[in-house]
Ligand code: B12
């Protein structure tokens, strides 16, 4: 199974064939992270076609489902690549108003396989829910995902809410998602940003050392 073929299956929204294809790639001993990379490339092209009005919402939905199917097979292979013990608690969530959770789920499962304790609040999560979870779980790292330009300001809302509760100094806030970069992340009050989930795990390991 060539990586190009995997990318193509995502672009062509082959939701019924993607699991077999991922299985085949893994059986051929392909690196699961490279498989993930090939699938993500497909999603980028789907996004581009949507922007160019070659694809519509139906195609976006199908692309999301194709990626989720693929990830079911891929996740255990990614998880098997690392097995460390790390008891740091991490809250992950997609911000309020945003219903994109594929990237967040990938980050969460990579963190899980790095041994972190994950509190996944799902998507469309407001600051109150995050504050409540910080208090209840004692988590010292909050990782937020925002895929929409319209919702990035929700990061600031979380930052402000943490400040108001006197928790901002205790909690590290890391963010990710396509509309963000390090500069914007900092402007919005976050401590850190990472381009992709693999890099995100590296950054979070560093933050975990700082809070422990
Ligand atoms: C699939 C998809 C959907 C699916 C989502 C399904 C799901 N359950 O997630 C559905 C159909 C629901 C959807 C809906 C919409 N979508 Co949409 N969608 C996409 C698409 C094609 C792929 C997103 C994706 O899953 N990528 C694959 C994952 C693996 O990548 P990722 O999410 O970027 O995550 C990686 C990194 O960003 C990073 N990361 C992500 N989060 C975090 C967090 C932390 C802490 C860290 C460290 C790292 C990190 O790591 C991840 C893995 O490496 C993108 C285009 C694109 N290429 O991004 C558009 C896109 C995001 N959508 C877009 C739009 C406009 C919409 C809609 C408004 C469309 C509409 N008219 O209704 C709605 C909004 C609904 C809502 N309220 O959220 C635009 C956003 C434009 C913008 N800048 O604001 C995009 C960019 C498409 C485009 N080019 O126009 N969408």
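Rule-based calculations on the coordinates, nothing more; no lab input. Here the structure is a predicted model, which is why all the values come from computation and not from measurement. Glycine also receives a Cβ, built like all others from the backbone with ideal geometry; neighbour counts cover every protein chain displayed.
A few points about this structure:
- For the chain, calculated [θ]222 nm from helices alone, where every DSSP H run of n ≥ 4 adds -39500 (n - 2.57): -17500 deg cm²/dmol
- Global geometry of the chain, whether rounded, prolate or oblate, following the gyration tensor of its Cα atoms and the 1.5 cut on a/c: oblate
- Judged by the ratio a/c of the largest to the smallest principal axis of the C-alpha gyration tensor, region 1-85 counts as prolate, that ratio being 1.5 or greater while a/b is larger than b/c.
- Against the chain, whose longest principal axis comes from its Cα atoms, helix 57-79 is set at around 80 degrees.
- Note on residue 65 and residue 79: the model spin-label points, each 7 Å out from Cα along the C-beta direction, lie 2.5 nm apart.
- Neighbour-count order for 195, 209, 133, fewest beta carbons within 10 angstrom listed first: 209, 195, 133
- By the count of other C-beta atoms within 10 Å, a proxy for reagent exposure, 172, 163 are ordered fewest to most as 163, 172.
- Computed E for residue 164/residue 54 - FRET, C-beta separation, R0 41 angstrom, nearest 0.05: 0.35
- Efficiency of FRET from Cβ geometry, residue 209 and residue 99, R₀ 41 Å, rounded to 0.05: 0.80
- Alpha carbon centroid spacing (whole Å) that separates region 9-27 from region 92-157: 28 Å
- Cα long-axis angle, helix 127-137 against the chain (0 to 90 degrees, to the nearest 10): 80 degrees
- Spin-label model, residue 186 to residue 5: label points 7 Å out along the Cα-to-beta-carbon direction sit 4.6 nm apart.
- Residue order for 55, 50, fewest other beta carbons within 10 angstrom first, comes to 50, 55.
- Placing a pseudo-label 7 Å from each Cα along the Cα-to-Cβ vector at residue 148 and residue 17 gives an inter-label distance of 3.3 nm.
- 0 to 90° range, to nearest 10: angle between helix 32-51 axis and the chain longest Cα axis: 90 degrees
- Choice from 94, 40, 58 with maximal GNM fluctuation in the chain (Cα, 10 Å cutoff): 58
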